[in-house]
Amino acid sequence: MVEAASLEKRYGSVHALRGVSFRLEPGERAVVLGPNGSGKTTTLEILGGFLQPSSGRAWVFGVESTRLSPRERRYMGFVFQDKPGLYPELSVRETLELFGGYYPSPIPPVQLLEGLGLAERQNRRVRHLSGGERRRLELAVALVGRPRLVFLDEPTTGLDPEARQRIWGLLAGLAQNGMTFILTTHSLEEAERLGQRVLLLKDGELLFDGPPQTMIARSGLPHRISFRKFGEHLPPSLASRAVADGERFTLNSLRPEEDLLALRESGLDLADLQVRSPTLEEAYLALVRGGVRVQDATPAG
Amino acid sequence: MFRTLPLLARETLWQARIYLRDRAAVFFTFAFPILVLFFWSWQGTNVLTAAAFVAALALAMAGYAGLAMGIAAAREEGLLKRIRSTPLPMFAHITARALAAGVLGALAVGLTLGVGVTALGLPLAVGKAMGLLPGLLAGFIALGGWGLVVGSLAKTAAAASYLANLTLFPLFLLSAAAQRGMLPDWAAAITPWLPLQSLSILIQQTLAGEGWSLLPLLTLLVWGGLGLVLAAWRLSRPL
């Protein structure tokens, strides 16, 4: 459905994208992560046909992104990062009627407005909406044409937690119905909630491409096993790695299953055993700070 | 093509509706020319001359300044990018903007002349009014074409506003001075070749029942042709 092949983008001396390649199959939900200036928006803009790559190519629905026609755009939706692209003089409802009219079978405005919690604002002019309400309207405009593929550039930035949850719920529901989306975000919680697959960019380079759990596993971060121990000594294989704090011991483990087995087989009297896995945020920070490209990542699909 | 025509008609209606909700645009398109008409009449200018010039100004406000600022503002607000993301072809959107500006400009001309007839005793028969249409069309092509050029050049609405004022204001002053015979020779020599003056001469001749002169009509068509070619070149690139 979406394919990027060796995408490069230069703005003068700035190398915004460096040979980014990936494929997205129908129904996939990909989240693009990366620090500011890592090339997330540039990638989406090239895929959407708004930017020409310096080299490399991109295809959407089998058509080169620079040649996308109204026929393909019937099945695409966009939430842009910077400018809303809405008419300030129109009301919320009119906005959806106007944009919905460009598509063959639009979603009725009322249905969308209720789904996004904007029903009470339907007669309010866009210029009088709050930032969060405007963001939700942008999402409604992106979805009004029943798209098969949606590009979402930081769609929940500036939203309150309730609105964010509502949008996550809506997107998850649409994804269950087969909608494909590619989303950029700085929220690791959002990435975990919505993404089947993470594309991690840094300095224009794709550091990782694969499921979130694989990214955590490949980050090289240890799991943290902690417990209280009474009597007996720890087995030598664990004792050298365990840090004691009174009765409580903490063990950083790259192979938690093996270490837990060793603990069980030691016959120690353990209490309050806890195993904490590294989070996606910790994995993200480790990979971004380390800047190591994960070569053996397994792309989904 | 047949699918695009209904889209174009619908988009034109929406663009007219959006234009009419912009208070500043409505003031400068409909109210400002009438204020100028009253001001000139109080100054003792012949009502026919004043009405013809102000009608041309009304068309310029919608077709030139309105179109230029509308397109630049749409770019600045990300609307053109939004349109590109939809199945509506960009040429249909831009054409709809131009058509809406043309229709509203024609309404502003009608309103100006109507006020001239009812409040200032401008002699105008229905038959003469219909005779205005070809001149207005040529005038709109000239002014609208250059409105598209300015709109495609200016990156922001403010820049478009400066550019439109920087070009329209001197045209306005030159044409106004020409109506009163107050221009030095060099300026009097170039004024007939300017679009605002040509349009006001055509309107004046029609209102006076004198028929059209070829020179102002050709002048407008040449300005229009140049503007449309430049606009087509500019607008064929991503906005």
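Brief remarks on what is shown
- Criterion applied to A:V20, A:V63 was being out of contact with any strand residue (DSSP E or B) (no Cβ under 8 Å at 6 or more places or on another chain) and farther than 28 Å from A:L137 by Cα, and the one residue passing it is A:V63.
- The C-beta contact set for region B:219-239 (first residue surrounded by 16 or more Cβ atoms within 10 Å (Cβ to Cβ), second residue in a helix (DSSP H, G or I) and among the polar types (S, T, N, Q), distance under 6 angstrom, 6+ apart or interchain) comprises B:T219/B:S198; B:L220/B:S198; B:L235/B:S152.
- Region A:2-51, residues that are farther than 21 Å from A:R193 by Cα and among the aliphatic types (A, V, I, L, M): A:V2, A:A4, A:A5, A:L7, A:V14, A:A16, A:L17, A:V20, A:I46, A:L47, A:L51
- Checking each residue of region B:2-9 against the condition of being closer than 21 Å to A:S91 by Cβ and basic (K, R) gives no match.
- Screening region A:62-88 for residues that are aliphatic (A, V, I, L, M) and outside any loop (DSSP other than H, G, I, E, B) and picking the one that is nearest to the other protein chains (Cβ to nearest Cβ) gives A:M76.
- Screening region A:21-61 for residues that are polar (S, T, N, Q) and more than 20 Å from A:L188 (Cβ to Cβ) and picking the one that is nearest to the other protein chains (Cβ to nearest Cβ) gives A:Q52.
- Residues of region B:173-194 that are surrounded by fewer than 18 Cβ atoms within 10 Å (Cβ to Cβ) and touching a residue at least 40 places away in the same chain (Cβ under 8 Å): B:R180 alone.
- Any chance A:A191 is in contact with a helix residue (DSSP H, G or I) (Cβ under 9 Å, 6 or more places away or on another chain), aliphatic (A, V, I, L, M), in the same structural domain as A:E8 (by TED's automatic domain parsing) and without any contact (Cβ under 8 Å) to a residue 24 or more places away in the chain: no
- Each residue in region B:94-103 was checked for being buried (at least 24 other Cβ atoms within 10 Å of the Cβ) and within 14 Å of another protein chain (Cβ to nearest Cβ), and 2 pass.
- Residues satisfying the stated conditions in region B:114-166, i.e. in a loop (DSSP other than H, G, I, E, B) and surrounded by 14 or more Cβ atoms within 10 Å (Cβ to Cβ): B:L122, B:L124, B:A154, B:T156
- Checking each residue in region A:94-125 for being within 14 Å of chain B (Cβ to nearest Cβ) and over 28 Å from the mean Cα position of the chain (by Cα) picks out A:E94, A:E97, A:L98, A:G101, A:Y102, A:P104, A:S105, A:N123, A:R124, A:R125.
- When each of B:I83, B:I71 is tested for being out of contact with any strand residue (DSSP E or B) (no Cβ under 9 Å at 6 or more places or on another chain), surrounded by fewer than 24 Cβ atoms within 10 Å (Cβ to Cβ) and not in a loop (DSSP other than H, G, I, E, B), the lone residue that passes is B:I83.
- Restricted to strands (runs of 3 or more DSSP E) entirely inside region A:196-256, those with at least 2 residues that are modelled with pLDDT of 90 or more, under 26 Å from A:A5 (Cα atoms) and in contact with a Pro (Cβ under 7 Å, 6 or more places away or on another chain) are A:197-202, A:205-210.
- For region B:153-182, the set of residues classified as farther than 21 Å from B:A51 by Cα and hydrophobic (A, V, I, L, M, F, W, C) consists of B:L153, B:A154, B:A157, B:A158, B:A159, B:A160, B:L163, B:A164, B:L166, listed by residue number.
- Just one of the numbered conditions (1) at pLDDT 95 or above; (2) touching a strand residue (DSSP E or B) at 6+ places or on another chain (Cβ under 8 Å); (3) within 25 Å of A:E45 (Cβ to Cβ); (4) more than 8 Å from chain B (Cβ to nearest Cβ) is not true of A:S91: (3).
- Exclusive hit being charged (D, E, K, R) and without any contact (Cβ under 8 Å) to a residue 60 or more places away in the chain, set A:R136, A:R197: A:R136
- Helices (runs of 4 or more DSSP H) lying entirely in region B:173-239 (those with 2 or more residues that are among the β-branched types (V, I, T)): B:195-207, B:214-235
- The residue pairs whose first member lies in region A:246-270 and is within 12 Å of A:P235 (Cα to Cα), whose second member is in a helix (DSSP H, G or I) and not hydroxyl-bearing (S, T, Y), and whose beta carbons are closer than 8 Å, counting only pairs six or more residues apart or on different chains, are A:D259/A:L238; A:A262/A:L238; A:L263/A:L238; A:S266/A:L238.
- Filtered residue count, region B:17-42, keeping only those that are of a type in the set (A, V, I, L, M), closer than 13 Å to B:L104 by Cα and surrounded by 18 or more Cβ atoms within 10 Å (Cβ to Cβ): 2
- Residues located in region A:23-51, provided they are on the phi > 0 side of the Ramachandran plot, buried (at least 18 other Cβ atoms within 10 Å of the Cβ) and out of contact with any helix residue (DSSP H, G or I) (no Cβ under 6 Å at 6 or more places or on another chain): A:G39
The values are calculated or read from the model by the stated rules, or taken from the named source; none is laboratory data. Keep in mind that what you see is a predicted model, and the values were worked out from it rather than measured. Cβ sites come from the backbone with ideal geometry, for glycine too, and all protein chains shown count toward neighbours.
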